[in-house]
1. Quick check on VAL62: is it exposed (fewer than 10 other Cβ atoms within 10 Å of the Cβ) and not in a helix (DSSP H, G or I)?
2. Output the residues belonging to region 7-48 that are over 18 Å from the mean Cα position of the chain (by Cα), exposed (fewer than 10 other Cβ atoms within 10 Å of the Cβ) and at pLDDT below 85.
3. Determine the pairs where a residue that is of a type in the set (A, V, I, L, M, F, W, C), located within region 49-64, has a partner that is exposed (fewer than 11 other Cβ atoms within 10 Å of the Cβ) and not in a helix (DSSP H, G or I) with Cβ atoms under 9 Å apart, the partner being 6 or more residues away or on another chain.
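The values are calculated or read from the model by the stated rules, or taken from the named source; none is laboratory data. None of the values given here were measured: they were computed from a predicted structure. Cβ: placed from backbone, ideal geometry, glycine included. Neighbour counts: every protein chain shown.
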Amino acid sequence: MGVIEKLISAYPSGDVSPTDFIDHLSIGADGWVGAWISVALAVIFGLLVYIIPIVLLEKNKVGPYPL
């Protein structure tokens, strides 16, 4: 089984409500550490998308995208 198929098969097929996400992220729930690590990584990588261009612009005076 491929990685993508494994990830897709692990996702719940029924109705998923916002309270399900809150319950899963609550401390003491099964797998809460892994859930918080994945949230933290998503935030860190998401912020890097905005931070790296600013650093490039300030340091090299060159933007990452042509204007």
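1. Yes; evaluated as a whole, the condition is true for this residue.
2. Residues satisfying the conditions are SER9, PRO12, SER13, GLY14, ASP15, SER17.
3. LEU56/VAL62
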